[in-house]
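J.: Please find one structure pasted underneath; my questions will follow.
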Amino acid sequence: MDLKEALVLRSLDYKDSSKILYLYTDEGLKSVIAHSVKKMNNVNRFLSQNGNLIKLSYSRGDFPSLKEGELVNDYPNVKKDLVSYTYMNHIMELIGNTIPKDSDHEKLYSFVKRLFLLFDQGIDSEVLSFIFELKLLYFLGYGLNFKECNICSNKEDLVFSIDNGGLVCSEHLSINQASYGPEVYINILKLYAIDINKTEIPVLENIDKTIVRHIIDVLYGDYVGYKTKSRGIIKQIQKY
């Protein structure tokens, strides 16, 4: 029997010994009941942890049941580090709660798999999260403009404006509008445009990460309108 690959976004206890697994696949979001998976002698009990990459088969119907499965990768290095694992859950919360059904799931799924491999290799999980969140904005239809002024197409004397969703020239920047110069928006552009399959992940100083984190949080507040529980935990750990 062919097994379908999936990423376990989260699991929910169901009845006495079962769980509902919420999955992301190259076809989109799925949910399956893993019967008796909490029992010690159940062969599938190690599949249900958040962040596991698994292969599985399941029954048909509106509420399918897990038939068989196998663990592909549990990203052990990520799960040894609280900050990295929290960022992983932050990304999975965003996937589970913001991705439209008609999205290009094959492309996003492949990207997330590569991203989590980088997580497990010890690459800065905060910077990797920035990359995901910025690319997710584009994926959701909120692409950022880094080519020219959003209003007049001027290519000189530009700053980054959150309100305008990209670059704007000084002539069209409102007095009370928050803006950021090239020393800030070049970092955002690098993360936004990077191909993680070909390019080395940039290293950011802590002060730069604080600024980028603030900008992304505001962008998500303005355009996406969703805050993850994991982001709240990260804020308590890192104090920003």
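Taken together, the values in this text are just the output of simple stated rules run on the coordinates, not laboratory data. As the structure is a computational prediction, the values presented were derived from the model and not from experiment. Cβ atoms come from the backbone with ideal geometry, glycine included; neighbour counts cover every protein chain shown.
J.: If you take the square roots of the eigenvalues of the alpha-carbon gyration tensor of segment 46-118 and sort them as a ≥ b ≥ c, do you get rounded (a/c under 1.5), prolate (a/b over b/c) or oblate?
T.: oblate
J.: Antiparallel versus total DSSP beta bridges in the chain: what percent is that, nearest 5?
T.: Expressed as a percentage, antiparallel bridges in the chain total about 95.
J.: Determine Rg/Rh for segment 43-85; Rg is computed over alpha-carbon atoms and Rh is the Kirkwood hydrodynamic estimate from the same atoms.
T.: 1.09
J.: For S103, S65, S230, S153, what ranking results if the residue with the fewest other Cβ atoms within 10 Å of its Cβ goes first?
T.: Sorted ascending by nearby Cβ count, the order is S153, S65, S103, S230.
J.: Hey, another quick one. By count of other Cβ within 10 Å, fewest leading, how are R60, R10, R231, R114 ordered?
T.: Ranked by crowding around the Cβ, least crowded first: R60, R114, R10, R231.
J.: May I pose another question? Anything over 28 Å Cα to Cα? Flag those among K80/K229; K15/K235; K101/K229; K101/K209; K55/K107, in the order listed.
T.: Correct reply: K15/K235; K101/K209.
J.: Now a separate question. Per q in 0.11, 0.17 Å⁻¹, report the Debye log10 I(q)/I(0) for segment 77-238, using one uniform scatterer on each alpha carbon and no solvent.
T.: Rounded to two decimals, the profile gives -0.45, -1.07.
J.: A further question follows. Determine the equivalent ellipsoid of segment 135-180 by diagonalising the alpha-carbon gyration tensor, then write out the semi-axes as square roots of 5 times the eigenvalues, largest first, rounded to whole Å.
T.: Working from the Cα gyration tensor, I get semi-axes of 19, 12, 7 Å.
J.: Right, next: Quick one: helix 105-120 against the long Cα principal axis of the chain, what's the angle to the nearest 10°, folded into 0 to 90?
T.: 90
J.: Under a 10 Å cutoff between Cα atoms, tell me which one of N206, N154, N73 has the largest fluctuation in the Gaussian network model of the chain.
T.: N206
J.: Now, a different point. Which far-off residues, 5 or more places away or on another chain, put their amide H under 5 Å from the one on R10, with H placed in the peptide plane?
T.: It is Y22, by chain and number.
J.: Taking K39 as the anchor, which aspartates and glutamates have their alpha carbon closer than 16 Å to its alpha carbon, excluding any fewer than eight residues away along the same chain?
T.: The reachable aspartates and glutamates, counting only those whose Cα sits under 16 Å from K39, are D13, D16, E68.
J.: Would you mind getting the Kirkwood hydrodynamic radius of segment 4-74 from its Cα pairs, rounded to one decimal in Å?
T.: Taking every pair of different Cα atoms in segment 4-74, averaging 1/r and inverting gives 11.7 Å.
J.: Quick query: amide H of K4 versus all other amide H atoms, modeled in the peptide plane; which residues come in under 5 Å with a sequence gap of 5 or more or a different chain?
T.: Close amide H contacts, sequence-distant or interchain: L56, S57.
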